[in-house]
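Read-outs throughout are calculated quantities, based only on the coordinates presented, and are distinct from any laboratory measurement. Quantities reported herein were computed from a predicted structural model and do not represent experimental measurements. Note that each Cβ is placed from the backbone with ideal geometry, even for glycine, and that neighbours are counted across all protein chains shown.
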Amino acid sequence: MFYKYRAIIFDFDDTLIDSKSGVVYHQKVAAERGWRVPSRGELEKYWGLGWEDFIAKLWPDVPFSDFRQAYIDYNQKEPRRYGKIPGANKAIKKLKKENMILGVLSNRNVKSVRDILVQQGFSLDDFEIIQGEEELIFHKPDPRAFDNALTILGERGILAREIIYVGDTRFDIEASRGRKIKFIGVRSGLMDRREFKAVGILDQDIMQSVKDLPRWLKKYGRS
């Protein structure tokens, strides 16, 4: 079967793995240190930014290094847990069988992405590109976050119009639009169908989770 898309890049948090518990976890870290505890709504507003930007928005008076250490200390007492996105692993295998080049582009650091992928049962061999915050000069929602991946794929003759980006936040949408990359929205994060449609995402391009992507590809992705 021939497709008009040749590569699929995934966001990580709440796209390939369920990390929404991190919203409450950050509240706990702040409370432990006696810092201001933002509301869930405040935290969700910036969920999906790079961690340093996220902390700067919500705790502008707390140096990032201090919050990071507080997080590490709290994690030793109460390790953070991540959930599975049902069907995500199988979807990745199906997409590989369709000869898709797969990658991950996240605002999270690469070691964390790799470690959690393995913990959640993914094979790192299925992803030809895994890029995170420390490898990128620019971070989502800045479209330039895609430039390294576009260069790598471009060397293989793959154009931006032949790439899909799968994500769950408005920051993912903004970044992919800035590089004219096809965006698919998944409702496994904090945005629902109504919110995706409100920012111009077509109904057919909104799905429950990545488990639906192989079926979408066969229906809408053919040449």
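One table, with the values for the structure above:
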{"quantity": "Top positive-direction residue, dipole computed over region 22-77 with Cβ charges, set Tyr46, Pro63, Asn75", "calculated": "Asn75"}
{"quantity": "Inter-label distance for Leu124 and Lys96, nm, one decimal - labels placed 7 Å from Cα along Cα-to-Cβ", "calculated": "1.4 nm"}
{"quantity": "Distance between modelled label sites at Ile152 and Asp212, nm, 7 Å Cα→Cβ extension", "calculated": "2.8 nm"}
{"quantity": "Within a Gaussian network of the chain (alpha carbon springs, distance under 10 Å), most fluctuating of Val118, Val29, Val210", "calculated": "Val118"}
{"quantity": "Those chymotrypsin sites (Phe, Trp or Tyr not before Pro) in region 129-189 that DSSP places in a loop and that have at most 15 other beta carbons within 10 Å", "calculated": "Phe138"}
{"quantity": "Length released on extending from Glu52 to Ala31, taking residue separation times 0.36 nm less the Cα-Cα span", "calculated": "5.7 nm"}
{"quantity": "Full-stretch length increase - Val110, Arg179 - with 0.36 nm per residue and alpha-carbon distance subtracted", "calculated": "22.6 nm"}
{"quantity": "Modelled label reach - Ile137, point 7 Å along Cα→Cβ, region 146-178 residues with backbone N closer than 14 Å", "calculated": "146-149, 151"}
{"quantity": "Cα→Cβ-extended label distance, 7 Å offset, between Glu162 and Asp203, nm", "calculated": "3.3 nm"}
{"quantity": "Neighbour-count order for His26, His139, fewest beta carbons within 10 angstrom listed first", "calculated": "His139, His26"}
{"quantity": "When each of Lys28/Lys93; Lys28/Lys180; Lys94/Lys182 is checked by Cα-Cα distance, pairs over 30 Å", "calculated": "Lys28/Lys93; Lys28/Lys180"}
{"quantity": "Check: the chain dipole with +1 on Lys, Arg Cβ and -1 on Asp, Glu Cβ, in debye", "calculated": "1040 debye"}
{"quantity": "Most mobile of Ser65, Ser123, Ser209 in a GNM of the chain (Cα contacts under 10 Å)", "calculated": "Ser65"}
{"quantity": "Global form of region 90-212, assessed from the alpha-carbon gyration tensor, a/c cut-off 1.5", "calculated": "rounded"}
{"quantity": "Burial ordering of Met207, Met191, Met1, fewest other beta-carbon atoms within 10 Å first", "calculated": "Met1, Met207, Met191"}
{"quantity": "Value in Å of the Kirkwood radius, where region 18-119 supplies the Cα pairs that are averaged", "calculated": "15.4 Å"}
{"quantity": "For region 4-53 versus region 170-223, the gap between their alpha-carbon centres in whole angstrom", "calculated": "19 Å"}
{"quantity": "Separation of alpha-carbon centers, region 76-100 and region 119-150, rounded to whole Å", "calculated": "15 Å"}
{"quantity": "Burial ordering of Tyr82, Tyr5, fewest other beta-carbon atoms within 10 Å first", "calculated": "Tyr82, Tyr5"}
{"quantity": "Net charge dipole size for region 22-77 [Lys, Arg +1 and Asp, Glu -1 on Cβ; Debye, nearest 20]", "calculated": "180 debye"}
{"quantity": "Relative contact order (percent, whole number), the chain, Cα cutoff 8 Å, 6+ residue spacing", "calculated": "29 percent"}
